[in-house]
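Report on the structure given below.
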Amino acid sequence: MHGRPRKAPKPEEEAASVAKAQKLRALQTQFFSFHHNKIYTKEAVELSAKLLEINPESYTAWNYRKLAVEHYLSQPDCNPDWIKSVLDDELRVVENALRQNFKSYGAWHHRKWVISKGHSSIDNELRLLDKFQKADSRNFHAWNYRRFVAESMKRSEQDELKYTEDMIYKNFSNYSAWHNRSVLLSALFEKKAEGFLSKEKVLPEEYEFIHQAIFTDPDDQSGWFYHLWLLDQTVTTDSPLLASSWPGHGYDVFLVEDRCYNGSAFSPFTALHSDSGSFPIVLYFNQPVGGVSSSTVTVECGFNKNEDLLWKPLSASNSQTARVWVAHLKIPSSDLLSTVEVSVGHSKGIISTRGFEYSHPSMFSFKVHVQPMERDFSQVSVAESISLREENFKIYGSQSEESIINSFNQLSIKNGHESTASNWRSEALAKEIECFRELLSLMDCKIGKLTLARLLMAYDVMSYPFANKLVHSEEVLELCSDLMKLDPTHYQYYKDEHSMVLLQKVTSSKESLLQHCFQYKDSVSSAICGPICLRLNNLSLSRMGAFEKLLWVQMLDLSHNELQSIEGLEAMQLLSCLSLRNNKLRSLTALEPLRKLKLLRVLDISYNQIGDHSIDTTRYLCSSPLSHSVGSESNKDETVTSDVALIDNWEAFYIFKDFNLNQLEIVGNTIADEKFKSVLVKIMPKLKQLDGKLLG
């Protein structure tokens, strides 16, 4: 364990081990007899103490002693002195057990239980902890117990901070001390209203403190983990913010009753078809939040009541907190021109997962145009097919650049308070960047390069709203590439980071985004409303991100990448056409984010690895969602569960049952045989084309 080589036991050691096992078995047999018969005599309790001296990990013995204590304390002749004597005995038993194994979970939990009774002196606990922490200063059990004792004694966080500082100076590699320091500072930051110094004052001093550890021994990971925590504290604002929305502020949204885009004056970035009589309003926050409802978000318009709107979180875990929230605004079928105003957070109730209120109310407005459009059926074939192949696109015309520039400028929510609030953060990051450039000039350090990449990206993201560009993106991409070569063990992690930075770069400016916008050649297709496709193909992406900049996208080409997951894609509520062709998706459960895309009509998942690997069942509560519920969404259907073919393909049923696809490409996957295709047709009766073939 922990790199220590095993040695073959000597004959005398084997004999001692056999004797110990025999003694333990004899004690256990007698102990279980007492326990099952609820015998709490002095002899029985002393026997459990002997058992725990040999095996401190016997949870049953610890629980037995709790029952014995409760039995003693319930006696009518019980007095305070007797209670103290009983509990002091328990503390002695725990201390003896900890001498055998000072990392025993059961022993520490039992001691905490005894002290919580309130009849024992707690003054001795810190002295006991000092003894055990001298034996092992990184013993996280002792540190965890220390937090309990300090709270019970009402010992100040500042005193405990001084203690962690002393322990760290004795050993820079004391990860538990660094962790305890982060816990204490987090508690103090929450008490800033009580007079404690703010992050602006504390964090720069902490950076200086951690530099001593990192520069003393760059190969030790303890300091680096603490530095990562400091970075998170620096870049994460306490109060959640609204990062972007769809529609954006100032948008003119054109809702057409027909999917046909006839080259009219509608902007392809704001024209939307809706066959459900509604369209989505999407709120994208900078961190997961809960409490988004019609009482905390007000939508004012002339054709819908705010109370009728149901806000839903978009998260893979089906929790009630998410970065992305969506509500569907119902629209009349007649001609309409109306202004919609959305106010977020003017009433309290939106709270982050960290417990902070949404304290910066924001508002955006847009216009909705509802116009029936008549279709020229002479130009449209009976069965239309959408193909996101190279030959079907042309470069987006320069005459239309103004529309994308205007649309891009309206994507983000402007938070006026960010400029002043971010000054100290930017200065702190700039100093750290300078510091780690100096470190890397002295030595080649993998974790130093990773930290520099994180710092540079954090600095760019923080400066982006004001600089309108990512200054260091090329350097970060180069650092990630170097790390993939230097540390192949963690290749996939660096690859994912490289993908995220690349996407941030692509979406950081209107000029870079325009290079990936293409016009679909078939402008009369009914499967899409606006024939503009964002093509992020052939970029070697292994992970998706930058969704807050992509809420407007209706056609997306992610073909010929290295995606194994599309987590987060559920935020793109306008998607109607999606190509995931030639990626590395391993199972159908990887498509789960698409279940939340109600406008998706065309999907290409051909030439992936679906069926090559075992089914991913980790997200389910049981082996089959057809026999038990999956989360809160699965409903048992007698018709479906009576179909043997569907039961055998329960994963496909669970993923595709909520889809409303017209067209699906699945060829090139191991799973895509004729039997499976027939199952897909049963699951999706509205499907018109499968692998390029018309369905009757």
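Tabulated data for the structure shown
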item	result
Neighbourhood charge, 10 Å Cβ-Cβ cut-off, centred on residue 110 and excluding it, Lys, Arg +1 and Asp, Glu -1	+3
Average Cα contact separation per residue, the stretch 423-507, under 8 Å, 6 or more apart, as relative contact order %	24 percent
Under 5 Å, built H, 5+ apart or other chain: amide partners of residue 350	358
Contact order relative to length of the stretch 139-193, as percent, for alpha carbon pairs under 8 angstrom and 6 or more apart	36 percent
Neighbourhood charge, 15 Å Cβ-Cβ cut-off, centred on residue 435 and excluding it, Lys, Arg +1 and Asp, Glu -1	-3
Modelled FRET efficiency - R0 22 Å, residue 395 with residue 562, Cβ distances, 0.05 increments	0.30
Carbon/sulfur fraction of accessible area - the stretch 23-120, other protein chains in place, 1.4 Å, %	51 percent
Under 24 Å from residue 682, Cα to Cα: lysines that are on another chain or at least 8 residues apart	596, 598, 636, 657, 693
Carbon/sulfur fraction of accessible area - the stretch 423-507, other protein chains in place, 1.4 Å, %	54 percent
Rg over Rh, two decimals, the stretch 423-507 (C-alpha only, Kirkwood Rh)	0.97
Solvent exposure, largest accessible area first (probe 1.4 Å, DNA, RNA and ligands not counted), of 72, 493, 459, 284	493, 459, 72, 284
Within the accessible area of the stretch 162-245 (1.4 Å probe), percent carbon and sulfur	53 percent
Whole-angstrom gap from the stretch 541-607 to the stretch 20-40, using each part's C-alpha centre	60 Å
Anchor residue 485: lysines whose Cα lies under 25 Å away (excluding residues fewer than 8 positions away in-chain)	446, 449, 495, 505, 584
Probe 1.4 Å, protein heavy atoms only - accessible area per residue of the stretch 23-120 in square angstrom	55 Å²
The stretch 1-147, relative contact order [Cα under 8 Å, separation at least 6], %	19 percent
Given 394/686; 103/131; 23/84; 112/154, the pairs whose alpha carbons are separated by over 20 Å	394/686; 23/84
Solvent exposure of the stretch 423-507 as accessible area per residue, Å², 1.4 Å probe	48 Å²
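The values are calculated or read from the model by the stated rules, or taken from the named source; none is laboratory data. Keep in mind the model is a prediction, meaning the values are calculated, not measured. Reconstructed Cβ throughout: ideal geometry from the backbone, glycine too, with neighbour counts over all protein chains shown. Quick note on the areas: whole protein, heavy atoms, side chains included, nothing else; ligands and nucleic acids left out. Shrake-Rupley method; radii C 1.70, N 1.55, O 1.52, S 1.80 Å.
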